[in-house]
Amino acid sequence: MKLWRGGRRPVRLRLTLVYSALFLAAGAALLAVTYGLVAQSLSTTPPAVVAGSQASKYVDQALRACKAENLAPAEMAKCENLAEQSLNGVSKASVADERSRTLARLLDYSLAALAALVFASAWLGWIVAGRALRPVHAITAAARRASEENLSERIALAGPDDELKELADTFDAMLARLDAAFASQRRFVANASHELRTPLTVMRTAIDVTLAKPGRTPAQLEAMAVEVRHAVDRAEALIEALLTLARSDRGNGPRERLDVAVLAEDALDAAAPAIRAHQVTVQAALQPAAALGDPVLVERLVTNLIDNAIRHNVPDGWVQVATGTRDGMAFIDVANGGPLIPAELVPSLFEPFRRLSGRSGSPDGTGLGLSIVRSVAIAHRGQAAARQLPAGGLEVSVWLPGCAG
């Protein structure tokens, strides 16, 4: 047995003690029942052979002894009664003594056998408990080896489909989720650093090129200032999107009653210049959609949906916006025309900095629009889904918990 510290008994020892205690209790009960049955079966009455032939022989000897004394008839009868009573008493005492010795031997042998079997059961219980807890040791070892840089370890426990295998499979699934989460986090940090570095690089290049010219004109300086301002705006939009994404991931903002239809109408009004610039036709069917949520985050969700539909469109395209309630949930559906999107790529649009063009440094947008949409929906215990349109384009639907009244 292994030694343990701090007075803490390991599970293996506790299981062994439980096995031994149960075996001891069952053995003691069996011993008590056996002892009682044997004690009941051993009679205190002398056997028939003793009460018959042998008893007659002993009585005849006693009678001859009485006759040898030449006793009177009354004394003779008394002597015969005493002889019979003495013989009966001796027989009963002999039977009782034999019964007592038999029960004592039975008890001694049974207790010795029970002690030996309890010791054997403790030894076997220790072995069985060790084999039963072997998967737990494998899980513990895998948990100790797991780290942020080493999440590829898997237990892959083989054997019957029992509770321990279910625990091992659950632990493997948890490691897979953690591995995917850390990989996604690393990609997010790499993409975010690249996105933030791009406007800084643009500003540095514009400044260096302008300052390298020997005869700088006001027009050149003004063009540099415009380019730097555009890069600053892009960096500011990216930082604001990152902050919004972080806030929605926490999901601990204020909750109040709001109408998604009103937010959609305001977002369409704010996007009017972009709508005219992209020459898209907007169709809105805005029905009341009361929800309970963070007004800032839900407003950003609606704005991102409409902005995404306008930006990723075709010339003279279209945008359809609909709001309302369905099955106790407030919803907003935003569909737009555009190029045909492969169905297998649609789910990836919700990932940070994922663009169909594959260029994370594209100046058109931050690459976080739909990521924020999904994060805000999840933070409000809602859901977001997208599907391709047969003729080209995309439809994004978001459901948020409704607010009655």
Segment Ile127-Ala391, length gained on full extension (0.36 nm per residue, minus Cα span): 88.3 nm
Theoretical gain in end-to-end length, Leu24 to Glu256 [0.36 nm per residue, Cα-Cα removed]: 77.1 nm
Could you please report the charge total around Ala309, scoring K, R as +1 and D, E as -1 over all other residues with beta-carbon less than 11 angstrom from its beta-carbon? -2
Per-pair calculated FRET efficiency, R0 = 22 Å: Ala237 and Val189 via Cβ, rounded to 0.05: 0.70
Simple spin-label estimate for Asp169/Ala141, 7 Å along Cα→Cβ, in nm, reads 2.3
List the residues whose amide H sits under 5 Å from the amide H of Ala146, counting only those 5 or more places along or on another chain, with H placed 1.01 Å from N in the peptide plane. none
Please list 388-395, 294-301, 316-323, 176-183 highest first by mean number of surrounding beta-carbon atoms within 10 Å per residue. 294-301, 316-323, 388-395, 176-183
Per residue and in cubic angstrom, what volume does the convex hull of the Cα atoms of the stretch 255-401 have? 105
Show me, for the stretch 303-310, the HN-Hα J-couplings you get by feeding each phi into the Karplus relation (A = 6.51, B = -1.76, C = 1.60, θ = phi - 60°), rounded to Hz, glycine and proline as x. 4, 5, 4, 5, 5, 5, 5, 6
R0 of 35 Å, Cβ-Cβ distance Ser152-Glu344: FRET efficiency to nearest 0.05: 0.85
Considering the options Pro342, Pro254, Pro288, tell which one lies farthest towards the positive end of the dipole of the stretch 245-352, charges being +1 on Lys and Arg and -1 on Asp and Glu at the Cβ, about the Cα centre. Pro254
Once R0 is set to 25 Å, what does the formula 1/(1 + (r/R0)^6) return for the Cβ-Cβ distance between Ala272 and Leu196, expressed as a FRET efficiency to the nearest 0.05? 0.25
Just to check I understand the Karplus step: with θ = phi - 60° and J = 6.51 cos²θ - 1.76 cosθ + 1.60, what whole-Hz values come out for the stretch 211-216, glycine and proline as x? 5, 6, 6, x, x, 6
Under the Karplus curve 6.51 cos²θ - 1.76 cosθ + 1.60, θ = phi - 60°, whole-Hz ³J(HN,Hα) for the stretch 98-110, x wherever Gly or Pro sits: 5, 4, 5, 5, 5, 5, 5, 5, 4, 5, 5, 5, 5
About the Cα centre of the stretch 255-401, what is the dipole size in debye to 20, counting +1 per Lys and Arg Cβ and -1 per Asp and Glu Cβ, all else neutral? 360
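Every number here is computed from the coordinates shown, using simple stated rules; none is lab data. Values in this document were obtained by computation on a predicted structure and should not be read as measured data. Here Cβ is always computed from backbone atoms with ideal geometry, including for glycine, and neighbour counts include all displayed protein chains.
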